[in-house]
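The values are calculated or read from the model by the stated rules, or taken from the named source; none is laboratory data. What you see is a predicted model; the values in this text were computed from it and never measured. Methodologically, a virtual Cβ is constructed for each residue, glycine included, from the backbone with ideal geometry; neighbour enumeration extends over all protein chains shown.
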Amino acid sequence: MVDTLQQSVQYRLKRNIELIKQNQPDIAADVAALCNNNGNNGHISVVESRTGVPTLKHGDAMLHSMYDPVKEATRFIDSLTMTPHVNIAVLGLGLGYHVKELVSRSKSRDFILVIEKDPAVFKAFLSHADLREFYGVTKIYFAVDRSPMDIFRALQGCAITLFANGITVVSHQASGKIDPAYYNTIGEKIRDTFQWARVNTVSQIKASEDFATNIFRNMPAYVSTPGINKLFNKFVGFPGIVVSAGPSLNKNIRYLKQAQGKAVIISVDTALRVLLKHGIEPDIVVSIDYTKHNARYFQGIPELNTALIVDPEVYPDITYGYKGPKFMMSLPGKSLCDWLSDAVENKGNMDKGLSVAHTALMLALKLGLTPVGLVGQDLSFPDKMTHVRGSAMVRKSSVSQDQKDTVLVQDIFGGRVITTTSMHVFLKHFEDLLDKHKPDCYDLTEGGAYIAGAKPLSLKEFILRKASQQIDTKNTIHTAYNAKPECNRNLLVQKINAAVKGLKDVVSICSDGVEILNSIEKYVKNNNMSNQRLYQFFKDWASISRKLHSRKDVFRLLGNNITDIMVLQAKKDLGSIDTIDKDNLDGLKDLVNKDKTIFQRLIEQCSMFIKNFDEFKNNVGSDS
């Protein structure tokens, strides 16, 4: 009898591992290794409940009812109040009875994320559950023994649905009691991710027009400017100092002069003028801001040996006005930038993060610098100042603890300091980058918020201990700068023509769609829902939608410029064309209005892209 039960468990385990491979191939190898490992499982035991259903014991604690685990799970999910489309993060798995109940009620959700700390619990789950009952209703992801930063990064890819439909945390209380610190931290990280998604998505929607305009204006410079990949790993083993314009820079800026020629000094654009005023010419200055006011950081700046690093989204006057050496970066995942990388060349992929300081840190790592020190990175408002004196951005801050959108965070001295919600997002992104790349990093700011992953140290001590060797940074930079890029202009023109043709096709499809929806609106307005012609319009509407969905090439090109459309499409409470209810006139009107908005927005964006591509083609010409 025992052998038969064991065979049943092994068969179920094998089948569930195969289902994991099909649905979550990224974790399949780890799960298979876990299930083949028989060690460290003694604290887990599966026992039979009074109703004959298995229940789970963790040490002396029961993770489910000893009487009826299924009924307990149903009551638990019944007690929750949440909309049918909100995404869910479940903290604690046990044998999954509550998760199974959630799944059965989740056909309208984009995903359920299940987080379990203990691998032995997950193995017990796989040995007794049938994953066929979990997959298929909605997307479900299992995360086993993952760090809070792993969860943050995993959820970043879901920014659109997080923003459109939200996310709620469902805590399995019995699991939470086993490791409360872990699950509390995970819950906080999920809330941080939602804030990140909100800030990132809103920023993208608000600035999409400016981003695209800047990229198109910067395209000629992109063709002729060398890429930052010419500098990648050119300074391996040398120290680097990233200088930001936080108020505390006043404390120790005088020591930076001693670091010249001994460490690669990378300045953010807001700090450049302050450094020059103190006789410090940084090796590199980074500028990524897309707004017009950013150009003032460079007004009146003389010709420098400092290398300017920009991306295609930066305000074009900076790109064309700077008199020193310039390098361009590529931005992976930004639609127009991806097109540029394919059509011209890749200039060196780099994620610029959420601020220019994040970009400067990522650049330091790409150059091979180690260790890396952070100066002027307060991420808070010491003495109620926003920036260092002498910066174009400096002003008094009125932030106070009792204000909305403020957060109390730990400072480097072990106390507490006030920061804003948006600045807190920047702080968490720094910590995410440091956790992901694990550089030898030091916080030399000597004030401000504590940054996990950056060891506090004085700038003076960092220079004495870490920067003793001379570096010929200028020669290395100018050698890379003089390696001018090549471009096949004939091929580039062909790619522009192909992009324009695809955009024009989508304009035609969407124009037909608007006409069809205008006709449907007339029938709805006159309450003429039984007319046979209306049924043909519904078929034509569905046909238009299918044609649009087939133009993935154009959607990839428009990408970041149609974030608002993606949010609209992702929002679950508007229904879909596949479930049209002609008796629900309000729902039908909402659906027509939604698609009409999408069609008109696509026409607008495609037309703008066509105009800009034509101008770019006239600018670059061809080899002949």
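From Asn488, Asn518, which residue is closer than 30 Å to Asn612 by Cβ and either modelled with pLDDT under 90 or touching a Lys or Arg at 6+ places or on another chain (Cβ under 7 Å) (or both)?
After applying the criteria, what remains is Asn488.
For segment 150-198, name all the residues that are more than 21 Å from Asp26 (Cα to Cα), among the β-branched types (Val, Ile, Thr) and more than 15 Å from the chain's Cα centre (by Cα).
The answer is Ile167, Thr168, Val169, Val170, Ile178, Thr185.
Can you go through Ser287, Ser335 and tell me which one is touching a strand residue (DSSP E or B) at 6+ places or on another chain (Cβ under 8 Å) and among the small types (Gly, Ala, Ser)?
Within the list Ser287, Ser335, the selection yields Ser287.
Could you pull out every one of the helices (runs of 4 or more DSSP H) wholly within segment 153-249 that has 2 or more residues that are touching a residue at least 12 places away in the same chain (Cβ under 8 Å) and closer than 18 Å to Asp351 by Cα?
Working: elements: 159-165, 173-178, 180-224.
Correct list: 180-224.
Quick one: Ser511 ticks every box in (1) among the small types (Gly, Ala, Ser); (2) under 22 Å from Asp553 (Cα atoms); (3) exposed (fewer than 13 other Cβ atoms within 10 Å of the Cβ) bar one, so which box is it?
Answer for Ser511: the failing condition is (3).
Just one of (1) within 26 Å of Phe430 (Cβ to Cβ); (2) without any contact (Cβ under 8 Å) to a residue 40 or more places away in the chain trips up Tyr290, so point out which.
All conditions are met except number (2).
Can you name the residue in segment 96-108 that is buried (at least 24 other Cβ atoms within 10 Å of the Cβ) and closer than 14 Å to Pro69 by Cβ and is also nearest to the chain's Cα centre (by Cα) among such residues?
Val99
Please find, within segment 319-359, the residue that is surrounded by the fewest Cβ atoms within 10 Å (Cβ to Cβ) out of those that are out of contact with any Gly (no Cβ under 9 Å at 6 or more places or on another chain) and under 25 Å from Tyr255 (Cβ atoms).
Taking the candidates together, the pick is Gly324.
Give me the helices (runs of 4 or more DSSP H) completely within segment 421-536, filtered to those with at least 2 residues that are farther than 30 Å from Pro220 by Cα, charged (D, E, K, R) and not assigned by TED's automatic domain parsing to the domain that holds Thr597, ordered by residue number.
Qualifying helices (runs of 4 or more DSSP H): 421-437, 459-466.
Looking at segment 124-147 only, could you name the residues that are in a helix (DSSP H, G or I) and crowded, with 20+ Cβ neighbours inside 10 Å?
Across segment 124-147, the qualifying residues are Ala124, Phe125, Leu126, Leu131.
Which of the residues belonging to segment 445-471 are touching a residue at least 40 places away in the same chain (Cβ under 8 Å) and either in contact with a His (Cβ under 7 Å, 6 or more places away or on another chain) or more than 30 Å from Ile418 (Cβ to Cβ) (or both)?
Matches in segment 445-471: Ile463, Lys466, Ala467, Ser468, Gln469, Gln470, Ile471.
Scan segment 544-556 and tell me whether some residue there is assigned to a loop (DSSP other than H, G, I, E, B) and modelled with pLDDT of 90 or more.
yes
Anything in segment 280-304 that is closer than 10 Å to Val268 by Cβ and either part of a helix (DSSP H, G or I) or among the hydroxyl-bearing types (Ser, Thr, Tyr) (or both)? List them, or say none.
Hits for segment 280-304 are Ser287, Tyr297.
Residue check, Phe111 against (1) closer than 12 Å to Ile140 by Cβ; (2) in contact with a Ser or Thr (Cβ under 9 Å, 6 or more places away or on another chain); (3) buried (at least 20 other Cβ atoms within 10 Å of the Cβ); (4) free of Cβ contacts under 8 Å to residues at least 60 places away in the same chain, all met but one. Which one?
Every listed condition holds for Phe111 apart from (3).
If you take the residues of segment 89-101 that are touching a Ser or Thr at 6+ places or on another chain (Cβ under 9 Å) and of a type in the set (A, V, I, L, M, F, W, C), which of them is farthest from Phe152 (Cα to Cα)?
Applying the first criterion (touching a Ser or Thr at 6+ places or on another chain (Cβ under 9 Å)) to segment 89-101 yields 89-95, 97-98, 101.
Adding the requirement that they be of a type in the set (A, V, I, L, M, F, W, C) leaves 89-91, 93, 95.
Details: Ala89: 12, Val90: 14, Leu91: 14, Leu93: 19, Leu95: 25 Å.
This residue is Leu95.
Sort out which residues of segment 295-309 are touching a residue at least 60 places away in the same chain (Cβ under 8 Å) and hydrophobic (A, V, I, L, M, F, W, C), and write them in order of number.
Ala307, Ile309
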